[in-house]
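Asks: Here's a structure for you.
The values are calculated or read from the model by the stated rules, or taken from the named source; none is laboratory data. Small disclaimer: the values here were computed from a predicted structure and weren't measured. Neighbour counts run over all protein chains shown; Cβ positions are idealised from the backbone, glycine included.
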Amino acid sequence: MAFCSNCGNKLTEAVKFCPECGAKTQIAQASQPEATMLTTTALTDTTAALNREAVILYTTDIVALESEAQSLTDQIKLFEDKMGGLHLNVNVGHPPKEPAVPVAEEWESSDSTLNVVEREVQEYLLGRTVLLHSVVTNIEYAIQQLSGDSAHGTKFYEYKKKCQSGLFRERKRKALIDCVLAQRCASEERKCENDKVDYEKRYKKYQEALERYNSIKLQAIDEVKKDRQFAATYQIEIATLQKKLQSIQSVLSTAYAANIIPSKFRNIYAVYFINDFMATSQATLEQAFLHLDLDKIQAQLAQVIQQQQQQILATIHASAQNAMAQQQISAQLGDLIDTANTSAHNSYVIAKYSSIANTHTETMAYFA
C-alpha cells in the first residue's frame with residue numbers, strides 16, 4: 001500500500017495523481033524525463049540521512065510546540081477555575097428585621113366597649129351558648145369576686161339569679177358589668193406589660209443578630225476586596241497566557257501548513273509517535289504513517305506525554321539557548337536546500353525543506 005507524500009492519503013498502485021490533493025505520485029514521477037528526476041548521485045546516503053534528520057527535527061519542534069500549547073491551555077484553565085471560586089460581590093442575605101414596637105395604649109371603657117360588655121353579660125345571663133369561652137370565663141370570674149364564692153358555688157348561683165331577676169337586678173347587673181370592665185382593663189394592662197417584656201426580649205435578640213450580621217458583612221467585604229485583587233491578577237495572567245498561546249498556535253499553523261503531516265495526524269499524540277518511531281529506528285515518514293493507529297496510541301500516550309511534558313519543554317529551552325547547536329542545525333538545513341536545488345529536485349521538495357527550516361527558526365525564537 002502506497003501513501004501520498006504530500007497529504008498521507010492511501011493510494012492504489014495504479015494512480016499517478018493523488019485523488020485527495022492532486023499531487024503527483026511516485027509512478028507519475030518515475031514516468032517523467034530523466035532530466036527532471038532526482039539523480040542517484042544527488043540522493044546519496046548522507047542526503048537521505050539528513051532527510052530523516054530534517055523530519056525528526058520538524059516533528060521534534062511540533063511536539064515541543066504542541067506541549068507548550070497544552071501547558072498554556074492547562075494554565076489558563078487553572079486560572080479560570082480559580083476565578084470561578086472567587087467572591088466578587090458581597091452576598092450575605094438580608095439583615096435581620098427589627099421587631100415592631102408594641103402600641104402602649106391604655107384600655108378605656110368607651111361607650112362602644114361598654115355596649116359590648118353589656119350585650120355579653122345579657123347573653124350570658126340568658127344562657128346563650130354563642131359567647132366565646134374567654135368571655136364566659138371573664139364574666140364568671142367577676143361573679144366569683146362579687147359573690148365571694150368559688151365558681152358554681154351556692155353564693156355564686158344566688159348572685160347570678162339576682163342578676164337575672166329580682167328587685168336589685170339592675171343594680172346587680174351594673175355591678176357585674178363594672179367588674180367585667182375592670183377585669184378587662186386589668187387584663188389589657190397585663191397584656192401590654194407582657195407585650196413590652198416580650199418586645200424587649202425580641203429586640204435584644206434582634207440586636208445580637210444584627211451584630212452578627214454586620215460582622216459577617218464586614219468579613220465578606222474584606223474577602224471580596226481580596227478576591228477582586230486576585231481576580232485582577234488572574235486576568236492579567238490569563239491575558240498573558242492567551243497571548244503566548246496565540247503565538248504558539250500561529251507557529252503551529254504555519255508548521256502544519258507545510259502539509260508534511262496529514263491533517264488527521266496533526267495532534268500531539270500522532271506527532272509524538274512519529275517522532276519517537278523515526279528517532280528510535282531507521283524508518284521513513286511513510287513507514288511511521290503505516291504503523292500509526294491513532295485510536296490505540298492516544299490513550300497509551302496521554303499519560304506518557306503528560307509525564308514528559310516538562311522534560312520536553314526543558315529540553316527545547318536548552319536547545320534554543322545553545323547557539324552553537326542551532327548554527328549547526330541551520331547549516332544542515334541550508335545544505336539540504338542547496339542539495340535539493342543542485343540535484344534537480346522539484347520545487348515541492350525544496351518548499352518542504354524551507355518550511356522545516358522556517359518552523360525550526362520560529363520555534364527556537366519562541367523558546368529562546
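Asks: Out of all the residues in segment 265-296, which are out of contact with any strand residue (DSSP E or B) (no Cβ under 7 Å at 6 or more places or on another chain) and farther than 23 Å from residue 309 by Cβ?
Replies: Going residue by residue through segment 265-296, those that are out of contact with any strand residue (DSSP E or B) (no Cβ under 7 Å at 6 or more places or on another chain) are 265-285, 287-288, 290-296.
Selection gives 281, 282, 283, 284, 285, 287, 290, 291.
Asks: If you scan segment 123-158, which residues turn out to be of a type in the set (S, T, N, Q) and either touching a helix residue (DSSP H, G or I) at 6+ places or on another chain (Cβ under 8 Å) or part of a loop (DSSP other than H, G, I, E, B) (or both)?
Replies: The first filter runs over segment 123-158 and keeps only residues of a type in the set (S, T, N, Q), leaving 129, 134, 137-138, 144-145, 147, 150, 154.
Within segment 123-158, 129, 138, 144, 145, 147, 150 meet the criteria.
Asks: In the set 133, 152, which member is modelled with pLDDT of 80 or more, exposed (fewer than 13 other Cβ atoms within 10 Å of the Cβ) and over 30 Å from residue 97 (Cα atoms)? Walk me through how you get there before you give the answer.
Replies: On the way: 152 fails: modelled with pLDDT of 80 or more.
Just one listed residue meets the conditions, 133.
Asks: A further question follows. Would it be correct to say that residue 275 is touching a Leu at 6+ places or on another chain (Cβ under 9 Å), closer than 16 Å to residue 58 by Cα and either modelled with pLDDT under 85 or of a type in the set (S, T, N, Q) (or both)? Walk me through how you get there before you give the answer.
Replies: Values: touching a Leu at 6+ places or on another chain (Cβ under 9 Å): no; closer than 16 Å to residue 58 by Cα: yes; either modelled with pLDDT under 85 or of a type in the set (S, T, N, Q) (or both): yes.
Taking the combined requirement at face value, the residue does not satisfy it.
Asks: Further question: Restricting attention to segment 313-323, does a residue exist that is in a helix (DSSP H, G or I) and more than 17 Å from residue 68 (Cβ to Cβ)? Show your work before the answer.
Replies: Here is the first cut: in segment 313-323, the residues in a helix (DSSP H, G or I) are 313-320, 323.
Imposing the further condition that a residue be more than 17 Å from residue 68 (Cβ to Cβ) reduces the set to 323.
For segment 313-323, residues in a helix (DSSP H, G or I) and more than 17 Å from residue 68 (Cβ to Cβ): present.
Okay, residues lined up against (1) over 30 Å from residue 143 (Cβ atoms); (2) surrounded by fewer than 11 Cβ atoms within 10 Å (Cβ to Cβ); (3) of a type outside the set (D, E, K, R); (4) outside the structural domain of residue 138 (by TED's automatic domain parsing):
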site: 188; (1), (2), (3), (4): no, no, no, no
site: 199; (1), (2), (3), (4): yes, no, yes, no
site: 206; (1), (2), (3), (4): yes, no, yes, no
site: 214; (1), (2), (3), (4): yes, no, yes, no
site: 219; (1), (2), (3), (4): yes, no, yes, no
site: 238; (1), (2), (3), (4): yes, no, yes, yes
site: 256; (1), (2), (3), (4): yes, no, yes, yes
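Asks: Before we move on, is residue 361 under 29 Å from residue 75 (Cα atoms), at pLDDT 80 or above and surrounded by fewer than 18 Cβ atoms within 10 Å (Cβ to Cβ)?
Replies: Values: under 29 Å from residue 75 (Cα atoms): yes; at pLDDT 80 or above: yes; surrounded by fewer than 18 Cβ atoms within 10 Å (Cβ to Cβ): yes.
In short, yes.
Asks: Given the conditions (1) out of contact with any helix residue (DSSP H, G or I) (no Cβ under 9 Å at 6 or more places or on another chain); (2) of a type outside the set (Ser, Thr, Tyr); (3) in contact (Cβ under 8 Å) with a residue 24 or more places away in the chain, and given that residue 295 satisfies all but one, which numbered condition is not satisfied?
Replies: Here residue 295 meets the rest and fails (3).
Asks: Please verify whether segment 158-166 includes one or more residues that are touching a Cys at 6+ places or on another chain (Cβ under 8 Å) and either of a type in the set (A, V, I, L, M) or surrounded by 14 or more Cβ atoms within 10 Å (Cβ to Cβ) (or both). Full working, then the answer.
Replies: Within segment 158-166, the first condition is being touching a Cys at 6+ places or on another chain (Cβ under 8 Å), and the residues that meet it are none.
Scanning segment 158-166 turns up no residue that is touching a Cys at 6+ places or on another chain (Cβ under 8 Å) and either of a type in the set (A, V, I, L, M) or surrounded by 14 or more Cβ atoms within 10 Å (Cβ to Cβ) (or both).
Asks: Keeping to segment 283-292, report how many residues are free of Cβ contacts under 8 Å to residues at least 40 places away in the same chain and not in a helix (DSSP H, G or I).
Replies: Initially, segment 283-292 is screened for residues free of Cβ contacts under 8 Å to residues at least 40 places away in the same chain, giving 283, 287-288, 291-292.
Now narrow it down to the ones that are not in a helix (DSSP H, G or I): 283, 292.
Adding up the residues that qualify gives 2.
Asks: While we're looking at this one, here's another question. Does segment 302-313 hold any residues that are surrounded by 11 or more Cβ atoms within 10 Å (Cβ to Cβ) and without any contact (Cβ under 8 Å) to a residue 60 or more places away in the chain, and which are they? Steps first, please.
Replies: Residues of segment 302-313 surrounded by 11 or more Cβ atoms within 10 Å (Cβ to Cβ): 302, 304-306, 308-310, 312-313.
Residues satisfying the conditions are 302, 304, 306, 308, 310.
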